[in-house]
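Before any comments, here is the structure.
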Amino acid sequence: MTVTTPTHVDSSIQELWAKLVLRDHLRAGFWGKFAGAEGSRSPILQRTDLVNQPGDTIHIQVTNPLSGSGVAGDVTPLEGSEENLSTSSMKVIPLFYRHAVRWYRRAAKKSLLGLREEARLRLGEWGQEKMDDVRFANFVSTAVLNGETYTPNVISVGGGSGVPGDIAVTDKLDVESIQKAKLTMYNNRAIPLTTSDGEDFYALVAHPNTLYDLKRSDEYRDWVREAERKGPDNPFFRGALAMVDGVLLFQHNNVPTANDGASSNAVSRNILFGAEAFIEGVDEAPSWVERDHFDYGNEIGIAYSFGFQPRRGLAKNSLIVYAAATAP
């Protein structure tokens, strides 16, 4: 027996072109609070065009900044000095993720725990973790995605050419390297995030091993002591560690690491980002399916699924910061 798959009917699947230029579900986990609809100036811009209609691809339209000098004064005519508007697109192809829990009816009868509710809870946790894992992996990826070149902006603590092999055990994240990374973002004209009282900032999520030595330094403690946190009601600030020179610091265990440093030491792929740094296509909202007719009702199961794909948006709005991540 063979079963029809999307590959067999690929020619009949509509590709949906997003109409607007790059600007609540899947709100859980670390990245959930940073997700928003287009026009929100959120770090992650979600497109849900495919949730209730056919198609497998979303093309996000992007207009490139103008580079012409224009004209000055009233005498020089503007006519004939106009500039063309150049557009490009980024492709998002949501992938389908799912998991399930299954148990015997008599196991539920004998257990002190409510297995059905426990299954729903654990599947929800799995979904949150899976979403974050995929987001972290895609946001620091240097591979081709959906057939498109996927080149990030990168910087190495301690200098170097911007590859993990530059990083020695001693190349630890410090206040100076955070300031250099922020300067790189600023010079790239990265769009900043904004506090509830209108102040601009960027955010950095780093691996806990990378932040360990930073948090023990006197210079970091000075920033924490002297810098007043802005906009405490702003959701961006929930779970943040500190603000260092306009960079809001977060830590998370899912920040990718690998033993590919100068001496095969651990290197973290920390992410500095501003507004509109990432895009995310969604074609299936999280859903549950329950079945109680396995083996004539002897077994019960719950399945959980969702479909999405996250990726970097405009490269200028994010920066991968390579740093040592050796456990203390």
Evaluate the following for Arg98: is it among the charged types (D, E, K, R), in contact with a strand residue (DSSP E or B) (Cβ under 9 Å, 6 or more places away or on another chain) and either farther than 30 Å from Lys316 by Cβ or loosely packed, with under 12 Cβ neighbours inside 10 Å (or both)? yes
Quick check on my filter: what residues within the stretch 295-320 are touching a Ser or Thr at 6+ places or on another chain (Cβ under 9 Å) and within 30 Å of His59 (Cβ to Cβ)? Tyr304, Ser305, Phe306, Arg311, Arg312, Ala315, Leu319, Ile320
Considering only the stretch 106-220, give the helices (runs of 4 or more DSSP H) lying wholly within it that have at least 3 residues that are over 30 Å from Phe308 (Cα atoms) and over 16 Å from the mean Cα position of the chain (by Cα). 175-187, 208-215
Looking only at the stretch 72-93, count every residue that is more than 30 Å from Gln309 (Cα to Cα) and not acidic (Asp, Glu) and tell me the total. 9
Within the stretch 12-59, tally of residues that are closer than 30 Å to Pro208 by Cβ and modelled with pLDDT under 75: 6
Taking only pairs six or more apart or across chains, which ones have beta-carbon atoms under 7 Å, a first residue in the stretch 24-49 that is closer than 20 Å to Ser287 by Cβ, and a second residue that is surrounded by fewer than 17 Cβ atoms within 10 Å (Cβ to Cβ) and at pLDDT below 80? His25/Ala285; Ala35/Arg27; Gln46/Ala37
The stretch 239-328: strands (runs of 3 or more DSSP E) wholly inside it with 2 or more residues that are closer than 19 Å to Val140 by Cβ are 247-251, 267-273, 278-294, 299-312, 318-324
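The values are calculated or read from the model by the stated rules, or taken from the named source; none is laboratory data. What you see is a predicted model, and the numbers here were worked out from it, not measured in a lab. Because the Cβ atoms are built from the backbone with ideal geometry, glycine has one as well, and the counts that use them run over all protein chains shown.
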